[in-house]
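J.: Please find one structure pasted underneath; my questions will follow.
The values are calculated or read from the model by the stated rules, or taken from the named source; none is laboratory data. Just so it is clear, the structure is predicted and the values come from calculations on it, not from any experiment. We place every Cβ from the backbone using ideal geometry, glycine too, and count neighbours over all the protein chains shown. Side chains are part of the model used for accessible areas, which takes the heavy atoms of the whole protein and leaves out ligands, DNA and RNA. Shrake-Rupley method; radii C 1.70, N 1.55, O 1.52, S 1.80 Å.
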Amino acid sequence: MALYLLFESASGYALFHAYGIDEIGQSVDAVRSTVLDLNRFSKAVKLAGFTPFLSAVDALNQCNAISEGIMTDELRNFLELNLPKVKEGKKAKFRVGVTEPKVGSHITEATGIPCESNDYIQELLRAVRLHFDQFIEQLKPSDLEKAQLGLGHSYSRAKVKFNVNRVDNMVIQAIFLLDTLDKDVNSFSMRVREWYGWHFPELVKIVNDNYLYAKLAKFVVNKSDLSEKDIPALADLIGDEDKAKEIVEAAKASMGQDLSPVDLINVQQFAQRVMNLSEYRKNLYEYLVTKMNDIAPNLTSLIGEMVGARLISHAGSLSNLAKCPASTLQILGAEKALFRALKTRGNTPKYGLIFHSSFIGRASTKNKGRMARYLANKCSIASRIDCYSDMSSSIFGEKLREQVEERLDFYDKGVAPRKNLDVMKAAIDGMTSTVSEEDKEKDNGVHVSAKKSKKKKSKSEADGDAMDLDKPASTAAGEETEKKKKKKKHKLEEPQDQEMAANVDGEQDETPKKKKKKNRDASESVEPKTATEGKKKKKKSKGEADD
């Protein structure tokens, strides 16, 4: 039975015909010994067909399909073209060796081509991979390396695609840094207290807070310089005027030793560093709160930001935490005690990191284990909702928190809690209502914009119609004004004609002095002539009628 080898390279699909297996050997060890010898291997295997990928995107799609165990249409066409055709109702007289068993099973299911994937086939394909550039003449080793590098980068980039707003790695780093900062700030604050206590030992008893102590150490510097004038400034720093007066009085009767200016400057600088660290710790905590509300809103609303972040960091990621059962989540963080109990056959721990939740502290001693088990169950539900839901909402977390509160009341007072089914239905109704409200807001925004556009269109059309209507109106108005002007001219012309007819002879004798009058007389002398001629014609017509 003939053997064909399907090889998926970065540049395309290749099919090899292993016709001289007898020269190589039938065992895995024999193949391993002949892998490095190209002359011997090339006598046993030859290239049967090769189809390159069309582009880098096509290569990435084919690579993703192969990794998922799917046969693409391109691969099917390639195999049907280069493999011997099998008659209907008969078995194939060849077999195809593939690297991925899932791909081989899919090929046999879809096309009926028999596929194999074992150690012997893997060794043969390893030899093909080693000498692949020697079988294809036009393919250079540098081109193959570039194709492999580009495909590797694009494939890994596609696999690592994630939502930037839901990166739980930032939460893990932030909670680790918060724990480190807490230890560092505490140790540095103790160092400031010890250092400045040589100069002003009474201040330690008056101020207990580390941050306030560092502020005062930076402000006071030298206790001998303190006076009653500094009481308002001290009161602003501490927030208590009585304590400020007590500090001033203690500075006057202090038993501490004097320090040199250089030592005081060093203490002041170190106190400033401690203040900066504590302020950065506050900012980091705010950042952690915002990130937890983005990544795991339900878990945050149920158990809090710090405990939720510690659970995620201990599990490794939010997806790992979602995969944990409630029993594992309950003792997460108490692995040493668990294995010690298993080894000594003692009592297993009831809680781990979940013990830091306020619900466990509020429960009575006999109910702490029950409360831890119930809370772990709800935390497991909340983590799975946060991990696998597309919508980020804290409605389920709030409902789960209500359930935990009801369970606390049940343990303390005996009040029966609601059923889980009713609570989940209420949460789902709340989710649907919020989604519908968001959709309505979007639709309203779309309708408002559509209405605005319609209004604009109607306004423009109305303006166009008004412009079209104004044109004949304006022409009619223009004709009316012209008629009125003509009537006025006729009315003015009649008395002028009479006057001009009476004074024609006088105007002919007179000589005007200015040029403007000449022009006026010339223009007026034309009109009276026409008017007199018209009158003469009228008189003639009257005389003829009398005759």
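J.: Given the conditions (1) in contact with a Cys (Cβ under 6 Å, 6 or more places away or on another chain); (2) open to solvent by less than 40 Å² (accessible area, probe 1.4 Å), report the number of the one that CYS115 does not fulfil.
T.: (1)
J.: Now a separate question. Would you check if GLU123 is among the charged types (D, E, K, R), modelled with pLDDT of 90 or more and assigned by the TED database to the domain that holds PHE7?
T.: So GLU123 does not fit the description; no.
J.: Hey, among LEU318, LEU332, which residue is open to solvent by less than 20 Å² (accessible area, probe 1.4 Å), hydrophobic (A, V, I, L, M, F, W, C) and in contact with an Asp or Glu (Cβ under 6 Å, 6 or more places away or on another chain)?
T.: It is LEU318.
J.: For ASP230, only one of the following conditions fails: (1) open to solvent by 50 Å² or more (accessible area, probe 1.4 Å); (2) touching a helix residue (DSSP H, G or I) at 6+ places or on another chain (Cβ under 9 Å). What is its number?
T.: Going through (1) open to solvent by 50 Å² or more (accessible area, probe 1.4 Å); (2) touching a helix residue (DSSP H, G or I) at 6+ places or on another chain (Cβ under 9 Å) one by one, ASP230 breaks only (1).
J.: Okay, next question. From the list LEU81, LEU60, pick out the single residue that is without any contact (Cβ under 8 Å) to a residue 60 or more places away in the chain and in the same structural domain as SER11 (by the TED database).
T.: It is LEU81.
For every residue, the table says whether it meets (1) surrounded by 20 or more Cβ atoms within 10 Å (Cβ to Cβ); (2) of a type in the set (D, E, K, R); (3) without any contact (Cβ under 8 Å) to a residue 60 or more places away in the chain.
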residue: HIS314; (1), (2), (3): no, no, yes
residue: ALA326; (1), (2), (3): no, no, yes
residue: ALA382; (1), (2), (3): yes, no, no
residue: ASP390; (1), (2), (3): no, yes, yes
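J.: A further question on this structure: Here is a check on your reading of the model: is ARG401 in contact (Cβ under 8 Å) with a residue 12 or more places away in the chain, open to solvent by 50 Å² or more (accessible area, probe 1.4 Å) and touching a Leu at 6+ places or on another chain (Cβ under 8 Å)?
T.: Yes.
J.: Residues of segment 188-212 being open to solvent by 10 Å² or more (accessible area, probe 1.4 Å), under 21 Å from LYS252 (Cβ atoms) and among the aliphatic types (A, V, I, L, M), which ones?
T.: VAL204, ILE206, LEU212
J.: Tell me which helices (runs of 4 or more DSSP H) are completely within segment 108-193 and hold 1 or more residues being touching a strand residue (DSSP E or B) at 6+ places or on another chain (Cβ under 7 Å), or say none if there are none.
T.: 119-130, 132-135
J.: Is it true that PHE355 is in a helix (DSSP H, G or I), open to solvent by 40 Å² or more (accessible area, probe 1.4 Å), of a type in the set (Phe, Trp, Tyr) and more than 25 Å from GLU405 (Cβ to Cβ)?
T.: no
J.: Would you check which residues across segment 15-24 are surrounded by 18 or more Cβ atoms within 10 Å (Cβ to Cβ), in contact with a Lys or Arg (Cβ under 9 Å, 6 or more places away or on another chain) and farther than 14 Å from TYR120 by Cβ and list them?
T.: PHE16, HIS17
Okay, residues lined up against (1) outside the structural domain of GLU402 (by the TED database); (2) over 27 Å from ASN420 (Cα atoms); (3) part of a helix (DSSP H, G or I):
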residue	(1), (2), (3)
ALA341	no, yes, yes
THR348	no, yes, no
PHE359	no, no, yes
LYS368	no, no, yes
MET371	no, no, yes
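J.: Can you tell me which residues in segment 25-47 are aliphatic (A, V, I, L, M) and buried (at least 16 other Cβ atoms within 10 Å of the Cβ)?
T.: VAL31, VAL35, ALA44, VAL45, LEU47
J.: Next question. Of the residues ALA271, ALA244, only one is without any contact (Cβ under 8 Å) to a residue 40 or more places away in the chain and either exposed (fewer than 12 other Cβ atoms within 10 Å of the Cβ) or under 51 Å from the mean Cα position of the chain (by Cα) (or both); which?
T.: Being without any contact (Cβ under 8 Å) to a residue 40 or more places away in the chain and either exposed (fewer than 12 other Cβ atoms within 10 Å of the Cβ) or under 51 Å from the mean Cα position of the chain (by Cα) (or both) holds for just one of ALA271, ALA244, which is ALA244.
J.: Here is a further query. Report, ordered by the first and then the second residue, all pairs with beta carbons closer than 7 Å, sequence separation of six or more or different chains, a first member in segment 192-215 that is on the phi > 0 side of the Ramachandran plot, and a second member that is at pLDDT 90 or above.
T.: Nothing qualifies.
J.: Hey, another quick one. Is it the case that ILE312 is within 22 Å of the chain's Cα centre (by Cα) and either aromatic (Phe, Trp, Tyr) or not assigned by the TED database to the domain that holds LEU203 (or both)?
T.: When the stated conditions are applied, ILE312 passes them.
J.: Here is a check on your reading of the model: is ALA59 under 16 Å from LEU130 (Cβ atoms) and surrounded by 16 or more Cβ atoms within 10 Å (Cβ to Cβ)?
T.: Considered against the rule, which asks whether it is under 16 Å from LEU130 (Cβ atoms) and surrounded by 16 or more Cβ atoms within 10 Å (Cβ to Cβ), ALA59 comes out as no.
J.: Kindly check whether there is at least one residue in segment 268-290 that is part of a loop (DSSP other than H, G, I, E, B) and either within 18 Å of ILE175 (Cα to Cα) or among the acidic types (Asp, Glu) (or both).
T.: Looking for residues that are part of a loop (DSSP other than H, G, I, E, B) and either within 18 Å of ILE175 (Cα to Cα) or among the acidic types (Asp, Glu) (or both), one finds none in segment 268-290, hence no.
Matching residues to (1) open to solvent by less than 80 Å² (accessible area, probe 1.4 Å); (2) not in a strand (DSSP E or B):
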residue	(1), (2)
ALA10	yes, yes
TYR13	yes, no
GLY49	yes, no
GLU74	no, yes
LYS91	no, yes
